[in-house]
Amino acid sequence: MPTEAPSKPGKEELTSRASRVRLLVFDVDGVLTDGGLYYGDNGEVMKRFNVKDGHALVMARLVGLPAAILTARSSRIVEARGRELGLAAIFQGRKEKGPAFLELLAQLQIPANQCAYMGDDLNDLDPMSLSGLSACPADAVPEVRQEADFVTTNVGGHGAARELVELCLRASGRWEDAVGLMRSTDKRSTS
Ligand SMILES: [Mg+2]
């Protein structure tokens, strides 16, 4: 038995795991955003989302791959963005992400091995280890990059989420359909 840390799955294994994914779960700060928190004069917090990531989440939903949010922080902005994208679940203010992840999966009735989770920091390691496919942006903390099955080329808030969507849709033969849908309908206006 090898004693060293497990290496990344090869392309074939990664494609196999990605093809089985039925739900995408994303952390918010540093994954769907660049991790920046903008504070206004009245104490309100603003975040910056990426419209191409948003399009990708809509594409995934349109071809039958839903997405959800699991975040330790809590804000109305995330609720609004999640609703705009038609997410299947929005779990906020959940500091213990492992149990919250299992609760989310139970609610949506998806087994953990058919779920992909993308996070960028240490509190994401529990849901990552529980999921069938773990992913992180290129600028995730080193411990997370080491554990992730799939490290994206893009950084958080700049296309990392879209890379995971593309991986899963290509692996299950749905990417071209999704592209076609976004080209030919006005549904893209929802993202
Ligand atoms: Mg984060």
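Things to note:
- Those residues of the range 97-115 which are of a type in the set (G, A, S) and within 16 Å of the ligand (Cβ to nearest atom), in sequence order: G98, A100
- Looking only at residues in the range 116-142 that are within 11 Å of the ligand (Cβ to nearest atom) and in a helix (DSSP H, G or I), the one that is surrounded by the most Cβ atoms within 10 Å (Cβ to Cβ) is D124.
One line per residue, one yes/no per condition, for (1) of a type outside the set (D, E); (2) under 14 Å from the mean Cα position of the chain (by Cα); (3) farther than 22 Å from W175 by Cα:
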{"site": "N42", "(1), (2), (3)": "yes, no, yes"}
{"site": "F49", "(1), (2), (3)": "yes, yes, yes"}
{"site": "H55", "(1), (2), (3)": "yes, yes, no"}
{"site": "A72", "(1), (2), (3)": "yes, no, yes"}
{"site": "E79", "(1), (2), (3)": "no, no, yes"}
{"site": "G93", "(1), (2), (3)": "yes, no, yes"}
{"site": "E96", "(1), (2), (3)": "no, no, yes"}
{"site": "E103", "(1), (2), (3)": "no, no, yes"}
{"site": "D126", "(1), (2), (3)": "no, no, yes"}
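- The range 160-173, residues that are over 9 Å from P137 (Cβ atoms) and either of a type in the set (S, T, N, Q) or surrounded by 20 or more Cβ atoms within 10 Å (Cβ to Cβ) (or both): R162, L164, V165, L167, C168, L169, S172
- Test: K8 is among the basic types (K, R), surrounded by fewer than 15 Cβ atoms within 10 Å (Cβ to Cβ) and part of a helix (DSSP H, G or I): no
- Helices (runs of 4 or more DSSP H) within the range 39-113 that include 3 or more residues loosely packed, with under 15 Cβ neighbours inside 10 Å: 76-84, 97-108
- Test: residue in the range 78-86 that is farther than 28 Å from S184 by Cβ and touching a Lys or Arg at 6+ places or on another chain (Cβ under 9 Å): yes
- Note on the range 11-38: residues that are within 16 Å of the ligand (Cβ to nearest atom), of a type in the set (A, V, I, L, M) and assigned to a loop (DSSP other than H, G, I, E, B) total 4.
- Qualifying position, being touching a strand residue (DSSP E or B) at 6+ places or on another chain (Cβ under 7 Å), farther than 13 Å from V25 by Cβ and touching a residue at least 24 places away in the same chain (Cβ under 8 Å), among S131, S75, S172: S75
Coordinate-derived values only; no laboratory data. The structure displayed is predicted, hence computed values, not measured ones. With ideal geometry, Cβ positions are generated from the backbone for all residues, glycine too; neighbour counts draw on all protein chains shown.
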